[in-house]
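Student: Have a look at this one before I ask anything.
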Amino acid sequence: MNPATHLFQAKVSGARRHEKWVFALFRFATYFVLFCGLGVFLNIVAKGSRTVFKAEAPFVNIAFLTQAPESLYLFEWEGQKREMGDREFRAFKAAHPAAAQVPTESYVYSAGGIFPCIVGTVLLVLGSMVIALSLGVSAAIFLIEYADDGPFIRFVRLAILNLAGVPSIVFGLFGFGMFVIFFGWNVSLLAGWFTLAFMVLPVVITASEESLKAVPKGFREGSLALGATKWQTIRKNVLPYALPGILTSSVLGIARVAGETAPIMFTAAYVVRDKLPWEVDHWSDFFFQGVMALPYHIYVVSSKIPQNEYTERVQYGTAFVFLIIVALIATLSIVLRNNLRDRYKW
Amino acid sequence: MTTRPPSAFARSSALSANSPASRLSPAVTPEVLVAIDHVDFFYGATQALNDICLQVEAKRVTAFIGPSGCGKSTLLRCLNRMNDLIEGTRLSRGTIKIHGVDIYQRDVDVIELRKRVGMVFQKSNPFPKSIYENITYGLLLHGRHEKKHLDEIVERSLRGAALWDEVKDRLHTSGLGLSGGQQQRLCIARAIAVEPEVILMDEPCSALDPVATAKVEELIQDLRSRYTIIIVTHNMQQAARCSDRTAFFYLGKLVEYADTRDIFTNPTNPQTEAYVSGRFG
């Protein structure tokens, strides 16, 4: 071994080597997570974009985004393999009566598009957001600004936190028992809205409480000292500053809940529905109709129909579109926050 | 300034009948505006004020001095009932009367009280709104909306707070863009915009540099002709420079209350003397 050439000469010691191993392990764990995440994401993007995008103009598969799901028919016709959607096949049979006798292979939901599911999901998200925000922000204002901190309020807080840990299927069952059966709303948008809203409530309340707490006490005191009532103070001088935080966390919470299948499968989602949500006889029927929804559709097409090259298109396409929608909601929340934050900065 | 009925912050109009005689007497002897009478005040089980008796004269600057924790800020916050916001506080004995009306009696509307008794805080707290909106905040609360009227009051208040020339070109930029001293003067402007009678100042200069402090003190001198000012301060020179009367508190008790000149040159109480000469505190 060479003698040390200077005071700070690097030495090989057990602790040093140990440290290297530990950090290598941490590095591996991090890269492994990244690898898995990217694997799932890229797989869906790669296969899904084949359904959603096209090589020629207009580059987007308009039909997939604007049509209802149909069954896919496969058959041989004059020595050629043909695949047709339900409507197309019926027209074909009308034109060629002999086609009715041809042996066919069929896969449900594998042709057409997913438009009703997109519409249903957007409606579910919007409605539950309105309900969750109004209930959640009100509750947070009560807890932070009005309620005296006592054992009861601590119990309420604990209950709200625990609500966040309840499995989504339990929320689904609760919604089913409460809204679908007890209130008699049947499988409907309204039942789905409330079930989803209750699921995000813990997130919305906690986020709102934190945002309200972050508003400096001086703003409240300054306002009260000018002769404002408590409510005037909250409305004009507390809530506006808390809003960016409330909205960001809440919208992100809703984006997550929008992906849940369990809460809507008993309360709001139909496997298939021919009519679009606005095709109702009376405006009040709007709230009491079930809808198709993307997460449930993904569940149906990936578990109820065979996996092969013909069904893969709709499976990956739906997942991809769904990812895009969730990403859009998240982006929206960030844009919203940045705009509001620029207006009220302290 | 307009004369208001003496008990404007009483909810019921019945009270306005007991107009205090002092209000009507000629202004030869200084008029007593705030009368604090044997007040005990508690935070939970801790007694913060012990048997305080003190009379604040109208259109004068009264300084509350004393070491930290002596109760001077607590007493100040009793005067517009800001202590109500703190849980577990109570005024257990005594009365505080403004214009002869006990502000702790049941039918007092705190909102009315706080309109008449404005406050400037230790830490300047302009709202994260424009300078203009900061000033109009209180006015809009009380239902004044005409643009022309608001413009007028904004200018008058900012001039009153000696801030107009510095900010007149950027009224619609954020109040938080101002310097520390300007922010504090903005808070003073905001307080005088609602035309209070009394302005409570809770160590308004403790976070300011000497130049900004001098400006605020100058402003206090300008305001004394129109408002009754009560200022809590740690800075004895400040009390000596800008107040007419000084009250010295120690451990929740009022030790001495006299003309500022007497407190600083000829205190009767040895504790006061020790404090003002810098031997403790």
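Student: I'd like the mean, over residues of B:110-117, of how many other protein chain beta carbons sit within 10 Å of each residue's own Cβ.
Tutor: Partner-chain Cβ atoms within 10 Å, mean over residues of B:110-117: 3.
Student: Another question, then. If each residue of separation counts as 0.36 nm, what is the full-extension length gain between A:Tyr146 and A:Ser134 once their alpha-carbon separation is subtracted?
Tutor: 2.6 nm
Student: If each of B:Ala207 and B:Gln47 carries a label point 7 Å out from its Cα toward its Cβ, how far apart are those two points in nm?
Tutor: Inter-label distance under the simple model: 3.4 nm.
Student: Between A:Phe53 and B:Thr95, what is the label-point separation in nm under the 7 Å Cα-to-beta-carbon projection?
Tutor: Modelled inter-label distance: 8.2 nm.
Student: Further question on the same structure: Please quote Rg/Rh for the stretch A:115-343 to two decimal places, taking the Kirkwood radius as Rh and restricting both calculations to Cα atoms.
Tutor: Expressed as Rg/Rh, it is 1.04.
Student: Can you tell me which of A:Lys275, A:Lys93, A:Lys81 moves the most in a GNM of chain A? Springs connect C-alpha atoms under 10 Å apart.
Tutor: The residue that fluctuates most here is A:Lys81.
Student: What full-extension length gain, to one decimal in nm, is calculated for A:Phe286 and A:Leu42 as 0.36 nm per residue of separation minus the Cα-Cα distance?
Tutor: Extra length from A:Phe286 to A:Leu42 when fully extended: 84.1 nm.
Student: For the protein assembly as shown, give the magnitude of the charge dipole about the Cα centre (Cβ charges: +1 Lys/Arg, -1 Asp/Glu; no others), in debye to the nearest 20.
Tutor: Rounded to the nearest 20 debye, it is 880 debye.
Student: Lysines within cross-link reach of B:Lys59: Cα-Cα under 19 Å, excluding same-chain residues under 8 positions apart?
Tutor: B:Lys97, B:Lys115
Student: Taking only complete DSSP H runs, can you tell me which helices of chain A stretch 15 Å or more along their own long axis by Cα positions and average at least 0.5 on the Kyte-Doolittle scale?
Tutor: TM-like helix candidates: A:14-52, A:115-141, A:151-163, A:189-214, A:239-257, A:309-343.
Student: Spin-label point model (7 Å from Cα, Cβ direction): what's the A:Leu25 to B:Ile86 distance in nm?
Tutor: 5.2
Student: Taking A:Lys217 as the anchor, which lysines have their alpha carbon closer than 18 Å to its alpha carbon, excluding any fewer than eight residues away along the same chain?
Tutor: Excluding near neighbours in sequence, the set is A:Lys230, A:Lys236, A:Lys345, B:Lys123, B:Lys129.
Student: Please identify the longest segment of chain B free of exposed GluC sites (Glu not before Pro), where exposed means a DSSP state other than H, G, I, E or B and no more than 15 other Cβ atoms within 10 Å.
Tutor: Looking at chain B, B:147-281 is the longest stretch - no exposed GluC sites (Glu not before Pro) with at most 15 other Cβ atoms within 10 Å.
Student: Collect residues whose amide H, placed 1.01 Å from N in the peptide plane, falls under 5 Å from the amide H of B:Phe249; neighbours closer than 5 in sequence don't count.
Tutor: For B:Phe249, the qualifying residues are B:Ile65, B:Gly66, B:Val255.
Student: Assuming R0 = 56 Å, what is the FRET efficiency of A:Phe8 and A:Leu161, from their Cβ-Cβ distance, to the nearest 0.05?
Tutor: Calculated transfer efficiency: 0.65.
Student: Using a Gaussian network model on chain A with a 10 Å cutoff between Cα atoms, which of A:Ala100, A:Ala29, A:Ala262 fluctuates the most?
Tutor: With Cα springs under 10 Å in chain A, the top fluctuation among A:Ala100, A:Ala29, A:Ala262 is at A:Ala29.
Student: Moving on to the next point. Using only protein heavy atoms and a 1.4 angstrom probe, determine the accessible area buried between B and A, summed over both sides, in Å² to the nearest 100.
Tutor: 1800
Student: Determine the per residue accessible area of chain B with all protein chains present and a 1.4 angstrom probe, expressed in square angstrom.
Tutor: That works out to 44 Å² per residue.
Student: Take B:Ser130, A:Ser49 and sort them by solvent-accessible surface of the protein heavy atoms, 1.4 Å probe, largest at the top.
Tutor: A:Ser49, B:Ser130
Student: Hey, can you find the accessible area per residue of the stretch A:178-285 for me, probe 1.4 Å, expressed in square angstrom?
Tutor: Value returned for the stretch A:178-285: 39 Å² of accessible area per residue.
Student: Rolling a 1.4 Å sphere over the protein heavy atoms, what is the accessible area per residue of the stretch A:13-60, to the nearest Å²?
Tutor: Here the residues of the stretch A:13-60 average 86 Å² of exposed surface.
Student: Hey, can you list the residues from the stretch A:190-230 whose accessible area shrinks by 10 Å² or more with all protein chains present, relative to the chain by itself (probe 1.4 Å, no ligands or nucleic acids)?
Tutor: Listed by number, the residues meeting the 10 Å² cut-off are A:Gly218, A:Phe219, A:Glu221, A:Gly222, A:Ser223, A:Leu224, A:Ala225, A:Leu226, A:Gly227, A:Ala228, A:Thr229.
Student: Can I ask one more? Using a cut-off of 10 Å between beta-carbons, work out the net charge of the residues near B:Ile98 (Lys and Arg +1, Asp and Glu -1, B:Ile98 not included).
Tutor: Net charge around B:Ile98: 0.
Student: Okay, next question. Rounded to the nearest 10 Å², what accessible area does A:Thr195 show when all protein chains are kept and the probe is 1.4 Å?
Tutor: Roll a 1.4 Å probe over it and A:Thr195 shows about 0 Å².
Student: Hey, another quick one. Once you've got the GNM for chain B with C-alpha springs shorter than 10 Å, pick whichever of B:Asn80, B:Asn50, B:Asn134 has the biggest mean-square fluctuation.
Tutor: B:Asn50
Student: Given a 1.4 Å probe and every protein chain left where it sits, what share in percent of the accessible area of chain A is carbon and sulfur?
Tutor: Summing carbon and sulfur atoms, their accessible area is 66 percent of the total for chain A.
Student: Hey, what number do you get for chain A at 222 nm if only DSSP H runs of n ≥ 4 count, each worth -39500 (n - 2.57), divided across all residues, to the nearest 500?
Tutor: Theoretical 222 nm ellipticity from helices: -20500 deg cm²/dmol.
Student: At a temperature of 25 °C and a viscosity of 0.890 mPa s, determine how fast the protein assembly as shown diffuses translationally according to Stokes-Einstein, using the Kirkwood radius over alpha-carbon pairs as Rh; express D in µm²/s, rounded to the nearest whole number.
Tutor: Diffusion coefficient, whole number: 80 µm²/s.
Student: Same structure, new question: Within the accessible area of chain B, what % is carbon and sulfur when the probe is 1.4 Å and the other protein chains stay in place?
Tutor: 50
Student: Determine the calculated [θ] at 222 nm for chain B from helices alone, applying -39500 (n - 2.57) to every DSSP H run no shorter than 4 residues and normalising by the residue count; nearest 500 deg cm²/dmol.
Tutor: -9500 deg cm²/dmol
Student: Something else now. What average number of partner chain Cβ atoms lie no more than 10 Å from the Cβ of the residues making up B:121-134?
Tutor: What the average comes to for B:121-134 is 4.
Student: Can you give the accessible area of B:Cys242 in Å² (nearest 10), computed on protein heavy atoms with a 1.4 Å probe?
Tutor: 0
Student: About the Cα centre, and with charges only on the beta carbon of Lys, Arg (+1) and Asp, Glu (-1), how big is the dipole of the stretch A:115-343? Nearest 20 debye, please.
Tutor: Dipole of the stretch A:115-343, to the nearest 20 debye: 600 debye.
The values are calculated or read from the model by the stated rules, or taken from the named source; none is laboratory data. Values in this document were obtained by computation on a predicted structure and should not be read as measured data. Every residue, glycine as well, gets a Cβ built from its backbone with ideal geometry; the counts of neighbours run over all protein chains shown. To get the accessible areas, we keep the full protein, side chains included, count just its heavy atoms, and leave off ligands, DNA and RNA. Shrake-Rupley method; radii C 1.70, N 1.55, O 1.52, S 1.80 Å.
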